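No lab work stands behind these numbers, since they all come straight from the coordinates. Just so it is clear, the model here is predicted, and its values are computed rather than measured. All Cβ positions, even for glycine, are placed from backbone atoms using ideal geometry, and neighbour counts span all protein chains on display.
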Amino acid sequence: MGVQMLYVRAEKGPRDVSVAKARFFSAISLVAYPCGALLNALGPDTLPTKLLGYGLILIALIAYAPLIGTSLQRIVGEEVKLLDEYELRLRGRALGACYAGFAMLTLLLVLYAAIASDKGFWLPTTYDHFNGVFWGIFLYASVLPTALLSWMVDPTFTGE
Amino acid sequence: MHNRVRDLRTAQAWSQAELGERLAVSRQAINAIENGKHDPSLSLAFRIARLFGEPVEAIFEQPPA
């Protein structure tokens, strides 16, 4: 049984988005979401701050859209039996790096939670806070494998 | 590993996608093989050799250590 990620299979086959664009959009998505969520949770409770926070979250989602259904996302999300040997090798490398990234992120978050509970720093406590954390992890699980893969392939990946 | 896949493909006037289709692999796999980013499995190397009608060792060459 293979690892199955979130992947939307296009009827006409995967779209080719350039490697540079994939790197750019995935970086925007991965950076904008936590910035927006943290701004909403920690920033002053004013309308401009909230607008900026939600705006950043919206930008993170919009930046994710160009990656959906691309050949890069296909490699990390498609069924294993539908990939060739080169794609499987790339998938293994991308998911391996993703595992390491998630493990490190988890360790850092647990470490922060331990220190924060001792020192009285901010920790998520309300439903809204955990809602933001949940969707953040969901977004990272969807974007991170594609993002890492885009840094593992040559710029010639999407052209001859 | 050095190989002559690009030369053989262009001699047939095939695109990477066309060659990939004939070998049942992706265009990206052909691109990676041609650019030396991926060493094909034995099975794929033999399929490539059979398609171009040449022995494997005439297409793929291990560079001297």
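Estimated purely from DSSP H runs of n ≥ 4, each contributing -39500 (n - 2.57), the mean residue ellipticity at 222 nm for chain B is -15500 deg cm²/dmol once divided by its residues.
With both labels modelled 7 Å from their Cα along Cα-to-Cβ, the B:R22 to A:T49 distance reads 6.5 nm. Rounded, prolate or oblate: which fits the stretch A:53-120, taking a ≥ b ≥ c as square roots of the Cα gyration tensor eigenvalues, rounded meaning a/c under 1.5, else prolate when a/b beats b/c? Judged from the Cα gyration tensor, the stretch A:53-120 comes out oblate (a/c at least 1.5, b/c at or above a/b).
So if I place +1 on the C-beta of Lys and Arg and -1 on the C-beta of Asp and Glu, and nothing else carries charge, what would the dipole magnitude of chain B be about its Cα centre? I want it in debye, nearest 20.
On the way: 8 positive and 8 negative charges, 33 e Å.
My answer is approximately 160 debye.
For the stretch A:21-160, what is the charge dipole size about the Cα centre, in debye to the nearest 20, if Lys and Arg each add +1 at the Cβ and Asp and Glu each add -1 at the Cβ?
My answer is approximately 160 debye.
For A:T70, nonlocal amide neighbours, meaning residues 5 or more places apart or on other chains whose placed amide H falls under 5 Å from its own, are A:R15.
Give me the net charge of B:A45's neighbourhood, meaning all other residues with Cβ under 14 Å from the Cβ of B:A45; Lys, Arg count +1, Asp, Glu -1. After counting each charged neighbour, the total is -4. Set the Cα radius of gyration of the protein assembly as shown against 2.2 N^0.38 Å, with N its number of residues, and you get 1.29.
Can you figure out the FRET efficiency of A:L38 with A:I68, using R₀ = 25 Å and their beta-carbon distance, to the nearest 0.05? It comes to 0.50.
Given the rule -39500 (n - 2.57) for each run of at least 4 DSSP H residues, summed and divided by the residues of chain A, what is its mean residue ellipticity at 222 nm, to the nearest 500 deg cm²/dmol?
On the way: 5 runs with 110 residues, N = 160.
The per-residue figure over chain A is -24000 deg cm²/dmol.
In plain terms, the C-alpha convex hull of the stretch A:1-116 casts an average shadow of 9.5 nm² when viewed from every direction. Computed from the C-beta positions of A:I137 and B:S43, the FRET efficiency with R₀ = 45 Å rounds to 0.70. Evaluated over the protein assembly as shown, the count of Lys pairs having alpha-carbon atoms less than 25 Å apart is 4 (only pairs 8 or more residues apart or interchain).
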